Structures are given as structure tokens and as C-alpha cells.
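Asker: Would you mind keeping the following structure in view while I ask a few things?
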Amino acid sequence: MFGLQKIIPTETNYDFLSLRKKFLTLSVIFILLSIFLLSFKGLNLGIDFKGGTLIEINTDNSSVSDLRNILSPNFDDVSLQEFGDKNTIIIRLQNNSNDESVTTINQVKNLINDKVQEFRRTEFVGPTISSELLWKGLQAVSFALIAILVYIWLRFEWQFGFGAVVALTHDVLFTLGFLSLLNIEFSLASIAAILTIAGYSINDTVVIFDRVRENLRKYKKLDLVNLFNLSINNTLSRTIMTSITTLIALITLFIFGGDVIKPFALTMIVGVLIGTYSSMFVAVPTLLLFKFRPQEDD
């Protein structure tokens, strides 16, 4: 513990808010880029949301292009990508029913059987179920954000709730933009990651907001910029140590967790980093929009 305190000092006096305009400008640019990517490129929807048949195979050194040349003439909508290593390939095909899925799988096996060492797994999601899953996932994220807003509003003054929602919206949009940019598959695990990121981010924000509220009552004549800087510095050691320990676990998952867990772990890593950033450089500076002081205790 003593060693950690030497690396992460508990008493700091950094002027975070002097950089607020630069960081807010940077955040606006990233959010606009995320919206642009989501509008024109979109997300790489997984089979959970898109529907269709997924086949994972282990090949005998056949390339993606070789298999695509065999399958493309026989299917209207087929996509292939390497999964973890060059010999493991994911094949996705669009179909509309369970019967069609069985036929599709059998047809794929007949076409590429001599190129495949092992058919590792097959999955099917119908179009009705996939659209329902997507809608339910969006509902889950929306309800979570609304519930967080209500909680912050009840726990603090409404101005804090506004700052928290701005930071959460920033985190979610940035994460979705990142997934779109790198073409990472968006699945039910991604929804779980986004909800976890929202919870992590709001926990960080609440800790800083609680210190802001305490200091607002303690230093009634202190300039707001200095007061907010003091509050961030008061909680900086806790914020950094929490982020580092969380990232250690996530990086371990990303490296050793296998290909299935990697998209979730990578999404979480990005979310933790951006959540820590937004708590200090988005949520708190947003409070400067309001010239307020807390009500006197009864």
C-alpha cells in the first residue's frame, strides 16, 4: 500500500479545469466522429441482432478468399472473416427460417468439406428474434440511463443529474463509435459491456460529485473552478487506483480469455478509460454552466 501511495500520491494539486476547453473540444470532435460513423458505417451487428446462420470452421490452411470464391456463387449474402487465427474462420449467411438454416448448413458442408478440418459450431437466429433482441437491448440501455438520471437527481441537485447524463451519453456514443471504427462485432455481450460501462462511469462520477457537494458546503466563498479542482484532486488517488485494478483484470481477460471474450473485454477496456476521463473532464466541467450553491441544511 505504501508503494502504491508513492506511485499515486494522495495529496495532489493539479489544475484540471484549466484544460477544460481543450478536452471538451476534443470530446465534441470525437462524439461528432462517432455519430458520423454510426450514421454512415453503422455497427457490425452480430448474428444476435442481424439474424441468419453462423458457422465456425477450422480449415486446412485454406484462405478466406478461397472459401469466399467457393461460397459466393451459391449464396446471395455471405460474409467470412478470420477469428483469432488465420485457420479459424467465421461464415455468416442470411436466411429466414429454421428449415432454411438446416439446408444452408448442409449445403455449406457439402461445398467446403474438403477444405475443413473441423466444423466447430453452428448458430441460427431468426429475423423476428434478432429484431426483438436488438429492440430489447436498446430498451435496456435507455432505461438504464433514465434510471441513473433519476438516481442522481434524487441523490444530488438536478444540475448534477444533467452533468452525469452528459458524461454517460458521451461514454456510450464514444464506445459505439469505437466499435464501428474497428468493425468489432456488436452482440448481446456488447450490450452487457455498455451497461457495465455506464455503471462504472456513474460510480466514478458520483464519488467526485459527492466530494464537490461536500466542498460546496465547506467552502462557501471559494471560486467554483478552484473548488472543482480541489474536489477532483481529493478523489484522484481513489479514481486512478480503481481504474488501474479494473484494467488489470480486463487486460488479463483480453489476453487469456479466448476469442469469444475478446470483443467484450476490449469494449470494457475502452469504456473504463473513457469513463474515467469523462468523470473528471466532462461531468465536472459541465457543472460550471450553473452558478449555484447548495441550499442551507434545515
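Asker: Hey, fewest Cβ within 10 Å first, where do D210, D223 land in order?
Answerer: The order, fewest Cβ neighbours first, is D223, D210.
Asker: With +1 on each Lys and Arg Cβ and -1 on each Asp and Glu Cβ, how big is the dipole of segment 175-298 about its Cα centre, in debye rounded to the nearest 20? Spell out each step's value before the answer.
Answerer: Numbers: 10 positive and 9 negative charges, 86 e Å.
Taking the Cα centre of segment 175-298 as origin, the dipole is about 420 debye.
Asker: To make sure I understand, if each residue's beta carbon is the centre and we count other beta carbons within 10 Å, what order do K50, K136, K115 fall in, fewest to most?
Answerer: Listed from fewest to most nearby Cβ atoms, that is K136, K115, K50.
Asker: Within segment 203-263, list the trypsin sites (Lys or Arg not before Pro) lying in a DSSP loop whose Cβ has at most 14 other Cβ atoms in a 10 Å radius.
Answerer: When the trypsin sites (Lys or Arg not before Pro) of segment 203-263 are filtered for loop state and at most 14 Cβ neighbours within 10 Å, K220, K221 remain.
Taken together, the values in this text are just the output of simple stated rules run on the coordinates, not laboratory data. All values derive from a computational prediction rather than experimental measurement. When we count neighbours, we look across all protein chains shown, and the Cβ atoms used for this are built from the backbone with ideal geometry, even at glycine.
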